[in-house]
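Data block below; observations after.
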There are 2 protein chains.
Amino acid sequence: MTTIDEETSPRARLAEPDEAISLDELRLATRNHGMPLEMLDLDLTPPGLHYVLVHYDIPLLDPTSWRLEIDGHVERPVSLDLAALLGLPTVTHRVTLECAGNGRARTTPRPISQPWLDEAVGTAEWTGVELGPLLERAGVRDGAIDVVFTGADHGVERGVEQDYQRGLPLDLAVSAPLFLAHTMNGQPLPPQHGAPLRLVMPGWYGMAHVKWLVRITVLDRPFDGFQNESAYRIKQDQGDPGEPVTRILPRAMVRPPGFPDFQTRTRVVEAGTHRLTGRAWSGLAPIERVEVSVDGGATWADADLGPVPGPYEWRAWSSAWQADEPGRYELSVRATDAAGNTQPLEQRWNRQAMANNHVQRVPVVVRRR
Amino acid sequence: MTTIDEETSPRARLAEPDEAISLDELRLATRNHGMPLEMLDLDLTPPGLHYVLVHYDIPLLDPTSWRLEIDGHVERPVSLDLAALLGLPTVTHRVTLECAGNGRARTTPRPISQPWLDEAVGTAEWTGVELGPLLERAGVRDGAIDVVFTGADHGVERGVEQDYQRGLPLDLAVSAPLFLAHTMNGQPLPPQHGAPLRLVMPGWYGMAHVKWLVRITVLDRPFDGFQNESAYRIKQDQGDPGEPVTRILPRAMVRPPGFPDFQTRTRVVEAGTHRLTGRAWSGLAPIERVEVSVDGGATWADADLGPVPGPYEWRAWSSAWQADEPGRYELSVRATDAAGNTQPLEQRWNRQAMANNHVQRVPVVVRRR
């Protein structure tokens, strides 16, 4: 294995102030995809409409030969095939997932990476197996510190060749409501969502939910892999070690009303009263308040909240909009959670554009009936 | 209904020679998605990995109240609910679908629209109902000229508000192997592929395969709708009426070998002998020849063709690549069909970048073992 040069795998960089979307960003945007925002109409997002971010290639794993290995600093390494896993007791949760890089393309200056606008989100009902009993079966030894989840996806990133891996402190791995999901919305996982098994870590941004899981390794030292130590950090400059990206910050979105223009995606509605609808979520605390602005954020009105959802699931909201006067409007919506976290109107910048939760802006033209 | 202004729905334009991808193009790229090219490994592309292009919003139609109307220049208008349609005799075909705009982002100057690179393709097994017997039931009247297929998707495009509609000459509608599909890869259509019913027109680019089908109208005059007369035309300038986009031109693609860099998607393989694989298709005639180049198109070698596929389905190919010398390579592949159609190395330009079939170029780094 020889070094991969910087032309093949460049260092992180920021776009120039006037630099439009590059070919590198477009390549990522045509592979990965967001949730078309009209799917905010649905409680559960079907696969194919749920956002997907894949760092390398999607591996097509043979479910008959696939195994999950649990090893490292344990008494008895465990190896399970899919049939054995499917025979274990299950948990089912509805979980709202958002990419840590959602909104990146709207930051200035923009880091060159997956150029999400607003759409890297979705909610699915995941069914799987709890981690705790599996770790008990393996027997975690004294002195264990971290647990590492390894996917079958392999590639190179900023010069570092790797399998996709994420580490968690052991105490969090055994206390958090995380689980190993083999079922999405009642069906086996599709390839792009990690078939046959992925981690689901409710409340956390997508990078934690390791797909194509093949190995869980207990370490007697802290994990220092690329995705924890370099990629998913909130930092101000390259040298800054930064803080890890963890839980999803509060966010609300409005289902764009009316119909769109093909190219600009500007919405057109008839003059009159409309009921705006959407969803709001936070990985930090339950959603307590949603406010709507139809004048670009100058004034705000409280929306009506839908029924209290499951603990990890987005909450529906709605709000009447009396749009009697034809003209141009900008809709925005802002969530506040029970811990008092809310959304900024303008994004607070960080070097990798992670954990953005600035307010969405939807241009709408109201036309005379 | 009042006019929609040009700011909301701009006229078609070409990018400036040095203009990178615009926000308008990025918005489309994050909604629609291609087939990740590693899925060339699969005979059938699962939904969620099959390319999707949606002009407006994805309608969520209630299958219990949905109806298909057959009307216009007929003796007896027909109205069918989904249960009635599902009770009719079915046909099943594997069909390779490609977007007419595939490759657009690689043309110069580039029209501002969905900025596909190479990935707007997929093959699914579609099951549905033939059109001919339904038209017989309605009784097409003398003097009928065109048949118009109307989707439930509504929007505005270049200032023209519309339901998505495509017309076909009646003789083609009754003689072509087209059908109304309610099933994709053995499952009900997912929302983004036209649930509950779409047109499938084997051999034609994607624009013909109207999704969310709600109405089939027989006309006693030629159809002059936007998608036929303006959008899907091969023309040299705005004023040129141009020629309609119809059948898929021949194309081959190679499954990018090895593993990728996250950002550049450059591939890395070890020095040694590799078997390159991929698929080739043409809507004009069966695939007869596939050639591979590993030196950027300077020299070509014949690939081995896989078994003869169904009449509308891509054909597998493979080719040994002796990559003993570390360094940079560019892989290309070129299909030729039984009618003698082949692929250009450089794209022949047209004003809307339709029916592009220039040769794919895949940068690969071979490294020492």
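Bear in mind that the values in this text are calculations on the coordinates, not laboratory data. Since this is a predicted model, take the numbers as computed values, not measurements. Backbone-built Cβ (ideal geometry, glycine too); neighbour counts: all protein chains shown.
Okay, here's what the table says:
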| item | result |
| --- | --- |
| Built amide H within the under 5 Å cut-off of B:Gly306, gap 5+ | B:Ala316, B:Trp317, B:Ser318 |
| Along each principal axis, Cα extent of chain B, largest first, Å | 71, 47, 37 |
| Share antiparallel - DSSP beta bridges, the protein assembly as shown, percent rounded to 5 | 90 percent |
| Cα gyration tensor shape for segment B:158-228, rounded if a/c is under 1.5, else prolate or oblate | oblate |
| Charge dipole magnitude, Cβ of K and R +1, D and E -1 - the protein assembly as shown, Cα centre, debye nearest 20 | 120 debye |
| Residue-averaged [θ]222 nm for chain B, counting only DSSP H segments that reach four residues, each worth -39500 (n - 2.57) | -2000 deg cm²/dmol |
| Once the Cα gyration tensor of segment A:186-268 is diagonalised, semi-axes √(5λ) in Å | 33, 22, 12 |
| Among B:Leu178, B:Leu86, B:Leu97: highest mean-square fluctuation, GNM of chain B, C-alpha pairs under 10 Å | B:Leu86 |
| Prolate/oblate/rounded call for segment B:1-97, Cα gyration tensor, a/c under 1.5 rounded | oblate |
| Candidates A:Glu125, A:Glu313, A:Glu38, ranked by Gaussian network fluctuation over chain A, Cα under 10 Å, top entry | A:Glu38 |
| About the Cα centre, charge dipole magnitude for segment A:23-239 (Lys/Arg +1, Asp/Glu -1 at Cβ), debye | 160 debye |
| Cβ-vector label at 7 Å, A:Glu6, separations to other copies in nm | 4.6 |
| Residues with amide H under 5 Å from that of B:Val210, placed H, sequence gap 5 or more | B:Leu199 |
| Shielding of B:111-118 by partner chains, average beta-carbon count, 10 Å | 3 |
| Stretch gain in nm, segment A:Arg361-A:Leu305, where the contour uses 0.36 nm per residue and the Cα spacing is subtracted | 18.2 nm |
| Phi-based couplings in Hz for segment A:349-357 (Karplus 6.51, -1.76, 1.60; Gly and Pro marked x) | 7, 9, 4, 10, 6, 9, 6, 6, 9 |
| Which of B:Gly87, B:Leu135, B:Ala152, positive extreme of dipole for chain B (C-beta unit charges) | B:Gly87 |
| Relative contact order [Cα under 8 Å, 6+ residues apart], chain B, whole percent | 17 percent |
| Fully extended contour minus Cα-Cα distance, from A:Ser65 to A:Asp171, at 0.36 nm per residue | 35.0 nm |
| Viscosity 1.002 mPa s, 20 °C: Kirkwood-radius Stokes-Einstein D of the protein assembly as shown over Cα pairs, µm²/s | 79 µm²/s |
| Percent of Cα-Cα distances greater than 20 Å, calculated over segment A:179-338 | 66 percent |
| Contour excess over end-to-end distance, with Cα ends at B:Glu229 and B:Gln187 and 0.36 nm allotted per residue | 11.7 nm |
| GNM top mover of B:Pro250, B:Pro133, B:Pro59 - chain B, alpha-carbon springs below 10 Å | B:Pro133 |
| Rough spin-label spacing in nm, given labels placed 7 Å along Cα→Cβ, for B:Arg369 and B:Leu44 | 3.9 nm |
| Estimated vicinal HN-Hα couplings, Hz - segment B:316-329 in sequence order (Karplus 6.51, -1.76, 1.60; Gly, Pro = x) | 6, 9, 8, 7, 6, 10, 8, 10, 7, 9, x, x, 9, 10 |
| Dipole of segment A:217-358, positive direction: furthest Cα of A:Ser319, A:Val292, A:Gly278, with charges on the beta-carbon | A:Gly278 |
| Interchain or long-range residues, amide H under 5 Å from A:Glu288's placed H | A:Thr336, A:Asp337, A:Ala338 |
| Average beta carbon contacts from partner chains per residue of B:46-52, 10 Å cutoff | 5 |
| Lys, Arg +1 and Asp, Glu -1 on Cβ, resulting dipole of chain A about Cα centre, debye, nearest 20 | 760 debye |
| Karplus-derived 3J(HN,Hα), 6.51/-1.76/1.60, for each residue of segment A:231-241, Hz, glycine and proline x | 6, 9, 10, 9, 9, 9, 8, 4, x, 4, x |
| Global geometry of segment A:23-239, whether rounded, prolate or oblate, following the gyration tensor of its Cα atoms and the 1.5 cut on a/c | oblate |
| Label-point gap, in nm, between B:Trp349 and A:Ala338 - each point 7 angstrom along Cα→Cβ | 6.1 nm |
| Pair A:Glu75, A:Asp240: separation of 7 Å Cα→Cβ label points (nm) | 4.6 nm |
| Inter-chain Cβ neighbour average for residues B:265-271, partner chain, 10 Å | 4 |
